[in-house]
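The values are calculated or read from the model by the stated rules, or taken from the named source; none is laboratory data. Since the structure is predicted, the reported quantities are computational estimates derived from the model, not experimental observations. As a convention, Cβ positions derive from the backbone with ideal geometry for all residues, glycine included, and neighbour counts pool all protein chains shown. The protein model used for the area step is the full one, side chains on, heavy atoms only, and it has no ligands, DNA or RNA in it. Shrake-Rupley method; radii C 1.70, N 1.55, O 1.52, S 1.80 Å.
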Amino acid sequence: MTTSFDYAPPKVWSWDKPNGGRFANVNRPIAGPTHEKELPVGRHPLQLYSQGTPNGVKVAVMLEELLALGHSGAEYDAWLIRIDRGDQFGSGFVGLNPNSKIPALVDQSGPMPIRVFESGAILIYLAEKFGAFLPTGHGARAECLSWLFWQAGSAPYVGGGFGHFYAYAPTRIEYAIDRFSMETKRQLDVLDRHLETREFIAGNDYTIADIAAWPWYAGLSRGWLYEAAEFLQTQEYKNVARWIDAIAERPAVRRGRMVNRVNGEASSQLHERHDAGDFETKTQDKLASGT
């Protein structure tokens, strides 16, 4: 493998060797399915196909928050899509999301199923469907959606940028780590300055902007993502820390973090969720012990 300072790109790039570090076995430059596999379908109105990454957590938290408000139509089945094993390239999932990224949602409450993919689009769809967590006033709605799309546009720099080169790349490249560390800290500073004068991202009310941003910036600040809290000195961002702590106390957020999770303590992993009672009886520690 050539080092970063002596690599000269060819005139035409070709895919002739594994690439992608930890995820080299599932990375490829083409779309479409790699194998035939239909998706399971449960009995609830909403079917979620996901994994407990920050983008997956967004939708699970949203659904749990809606249920906590009493919206029974938000009952859902959550099916695990193991992205490290290539489940996202099964024919059923590709038919649901041609981009082969989690999460994806199917709403089967109407006469015809409706598919929704991209986490931000799913949050807006659910907020509009149930009339919750998205302001209706013109100005407040614009503010909320602006910050929602800020997060969606920022996440690739944190995940595919900082996270990849800091934690997953097969070689440590100083320039790449410095470049994306700078951008990640800049994002934390943007959020910290913004939260100095408001309780939540879009104002004084908890919205889909918070639900979208919290899994990413809480993960960074608490070391859940990439074990990089010390490296990034995330404790410097006091307003972000206050916001993270407040949201972390919400019962729906605690439940949502467990859904489709495949790492951490076994008691925090609920690989599939089909009923509210599953949080007490179907976590990996309970399944392993047979209790």
**Report entry** Residues of region 206-252 that turn out to be among the acidic types (D, E) and either closer than 18 Å to V57 by Cβ or touching a His at 6+ places or on another chain (Cβ under 9 Å) (or both), as a count
**Finding:** 4
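Name every residue in region 180-213 that is aromatic (F, W, Y), open to solvent by less than 30 Å² (accessible area, probe 1.4 Å) and not in a loop (DSSP other than H, G, I, E, B), in order of residue number. Walk me through it before giving the result.
In the first step, residues of region 180-213 are kept if they are aromatic (F, W, Y); the result is 180, 200, 206.
Retained after the next criterion (residues that are open to solvent by less than 30 Å² (accessible area, probe 1.4 Å)): 200, 206.
The answer is F200, and nothing else.
Would you confirm, using the coordinates I've provided, whether G86 is surrounded by 15 or more Cβ atoms within 10 Å (Cβ to Cβ) and in contact with a strand residue (DSSP E or B) (Cβ under 9 Å, 6 or more places away or on another chain)? Give the derivation first.
Numbers: surrounded by 15 or more Cβ atoms within 10 Å (Cβ to Cβ): yes; in contact with a strand residue (DSSP E or B) (Cβ under 9 Å, 6 or more places away or on another chain): yes.
Considered against the rule, which asks whether it is surrounded by 15 or more Cβ atoms within 10 Å (Cβ to Cβ) and in contact with a strand residue (DSSP E or B) (Cβ under 9 Å, 6 or more places away or on another chain), G86 comes out as yes.
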Requested in this report: Determine the pairs where a residue that is among the small types (G, A, S), located within region 11-40, has a partner that is open to solvent by 100 Å² or more (accessible area, probe 1.4 Å) with Cβ atoms under 7 Å apart, the partner being 6 or more residues away or on another chain.
Outcome: A24/P18
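So which residues in region 246-273 are assigned to a helix (DSSP H, G or I) and either closer than 20 Å to E227 by Cβ or open to solvent by 20 Å² or more (accessible area, probe 1.4 Å) (or both), if there are any at all? Walk me through it before giving the result.
Going through region 246-273, the residues assigned to a helix (DSSP H, G or I) turn out to be 246-248, 251-258, 266-268.
Of everything in region 246-273, those that are assigned to a helix (DSSP H, G or I) and either closer than 20 Å to E227 by Cβ or open to solvent by 20 Å² or more (accessible area, probe 1.4 Å) (or both) turn out to be A246, A248, P251, R254, R255, R257, M258, A266, S267, S268.
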Query raised in the report: Which strands (runs of 3 or more DSSP E) does region 36-115 wholly contain that include 2 or more residues that are under 21 Å from S268 (Cα atoms)?
Result: 46-50, 76-80
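When you look at I177, is it surrounded by 14 or more Cβ atoms within 10 Å (Cβ to Cβ), among the aliphatic types (A, V, I, L, M) and in contact with a strand residue (DSSP E or B) (Cβ under 8 Å, 6 or more places away or on another chain), yes or no?
Working: surrounded by 14 or more Cβ atoms within 10 Å (Cβ to Cβ): yes; among the aliphatic types (A, V, I, L, M): yes; in contact with a strand residue (DSSP E or B) (Cβ under 8 Å, 6 or more places away or on another chain): no.
Criteria not met by I177.
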Query raised in the report: Which condition number in (1) in contact (Cβ under 8 Å) with a residue 24 or more places away in the chain; (2) in contact with a Phe, Trp or Tyr (Cβ under 9 Å, 6 or more places away or on another chain); (3) surrounded by fewer than 18 Cβ atoms within 10 Å (Cβ to Cβ) is the one that I114 fails?
Result: (1)
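A quick yes/no check of all residues on (1) without any contact (Cβ under 8 Å) to a residue 40 or more places away in the chain; (2) β-branched (V, I, T); (3) farther than 27 Å from L46 by Cβ; (4) in contact with a Gly (Cβ under 6 Å, 6 or more places away or on another chain):
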{"position": "H164", "(1), (2), (3), (4)": "no, no, yes, no"}
{"position": "R179", "(1), (2), (3), (4)": "yes, no, yes, no"}
{"position": "R198", "(1), (2), (3), (4)": "yes, no, yes, no"}
{"position": "I208", "(1), (2), (3), (4)": "no, yes, no, no"}
Query raised in the report: Is there any pair with a first residue in region 127-144 that is free of Cβ contacts under 8 Å to residues at least 40 places away in the same chain and a second that is open to solvent by less than 50 Å² (accessible area, probe 1.4 Å) whose Cβ atoms are under 7 Å apart and which are 6 or more apart or on different chains, and what are they?
Result: E128/L134; R141/L134; R141/P135
Query raised in the report: Would you say R222 is free of Cβ contacts under 8 Å to residues at least 40 places away in the same chain, open to solvent by 50 Å² or more (accessible area, probe 1.4 Å) and within 30 Å of L69 (Cα to Cα)?
Result: yes
